[in-house]
Amino acid sequence: MAAAAPPPLPTTAPEPNMDLPTNHPLFTRIRLATKPDVPVIHKMIYQMAVFERLADQCSATEPSLATTLFSKDNPFESFTVFLIEVSTKPFPSSSIAHHPKFTPIHKTLNLDYPISDPELELFKSSTMEEGVTIAGFVLFFPNYSTFLAKPGFYIEDLFVRESYRRKGLGKMLLSAVARQAVAMGYGRVEWVVLDWNTNAIKFYEEMGANVMQEWRVCRLTGDALQGYATTPGTNDLDLI
């Protein structure tokens with residue numbers, strides 16, 4: 001009888017590769033902003049103005065934002081702000097009150113690497129939940145299409161803080177506005193984009209938006225607005 005083959009030599013387990021990414025969940029929540037959120041909204045508006053090279057035109061203050069955005073509790077009928085908040089821990093199920101027309105939207109992102117946010121302390125959520133940070137916002141309000149004979153939403157501002165970009169948060173904010181428009185039977189959502197912001201233009205086109213090259217934004221503001229308001233032919237006496 002042939003002798004049994006000797007058992008194989010033990011093999012050494014491979015050492016783990018510490019350079020391989022691991023899973024890092026990031027919990028997100030989109031909710032309606034309220035007046036206590038004004039300080040953080042103001043900071044993000046200024047950061048957005050710097051990014052768009054328009055900081056010299058940004059004269060908004062916390063009191064002026066509080067007065068104009070939150071003087072009435074009528075979101076979706078007037079100026080509305082969605083905030084997107086992030087946390088490394090799940091959000092409590094009943095941590096904030098629900099609005100009759102909007103339920104906060106939750107989504108979990110699985111990231112390869114943890115996010116480093118050097119401004120963590122500056123952007124704490126006004127809900128006072130531990131570890132919850134505001135990462136971005138979208139501000140929109142109703143408009144109207146005579147061609148569709150339907151109202152819609154116009155997005156004035158969409159902003160995601162630098163530490164949280166390219167993670168899908170901007171798309172989530174846009175999706176929340178689109179979902180709200182559909183829920184209310186509105187006909188469209190529209191916004192403008194700076195022509196030099198090619199990354200944003202590509203992003204909007206990839207999501208199916210029609211970037212309308214033939215349209216130009218016309219704006220009266222500052223001295224021009226004041227001057228035109230007193231131009232002959234624009235007051236009641238000139239109409240008699």
On the accessible surface of segment 177-216, probed at 1.4 Å with all protein chains in place, carbon and sulfur together account for a percent value of 51
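So if I place +1 on the C-beta of Lys and Arg and -1 on the C-beta of Asp and Glu, and nothing else carries charge, what would the dipole magnitude of the chain be about its Cα centre? I want it in debye, nearest 20. Intermediate results must be reported in sequence, preceding the final value.
Numbers: 21 positive and 26 negative charges, 138 e Å.
Computed about the Cα centre, the dipole is about 660 debye.
Going by accessible area, probe 1.4 Å, with all protein chains left in place, what is the ranking of VAL193, VAL217, VAL177, largest first? Before the final figure, lay out the partial values.
Numbers: VAL193 50, VAL217 95, VAL177 0 Å².
The ranking, largest first, comes out as VAL217, VAL193, VAL177.
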The chain accessible area per residue, 1.4 Å probe, protein heavy atoms, integer Å², reads 68
Loop sites in segment 135-240: trypsin sites (Lys or Arg not before Pro), DSSP, at most 11 other Cβ within 10 Å: ARG166, ARG216, ARG219
Report, in order of residue number, the helices in the chain meeting two criteria: a C-alpha extent of 18 Å or more along the helix axis, and a mean Kyte-Doolittle hydropathy of at least -1.0; treat each whole DSSP H run as one helix. 38-51, 169-183
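Determine, from the Cβ-Cβ distance of ASN74 and HIS24 and an R0 of 45 Å, the FRET efficiency 1/(1 + (r/R0)^6), rounded to the nearest 0.05. Kindly include the intermediate steps, with their values, before the conclusion.
Working: r = 39 Å, r/R0 = 0.86.
Computed FRET efficiency for ASN74 and HIS24: 0.70.
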Accessible surface ranking that places the most exposed of MET44, MET212 first, with a 1.4 angstrom probe: MET212, MET44
In percent, how large is the relative contact order of segment 96-240, given Cα pairs closer than 8 Å and 6 or more residues apart? 15
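The values are calculated or read from the model by the stated rules, or taken from the named source; none is laboratory data. The model shown is predicted, which means the values in this text are computed figures rather than measured ones. No Cβ is skipped: glycine too gets one built from the backbone with ideal geometry, and neighbour counts run over all protein chains shown. These accessible areas exclude ligands, DNA and RNA; they are computed on the full protein's heavy atoms, side chains included. Shrake-Rupley method; radii C 1.70, N 1.55, O 1.52, S 1.80 Å.
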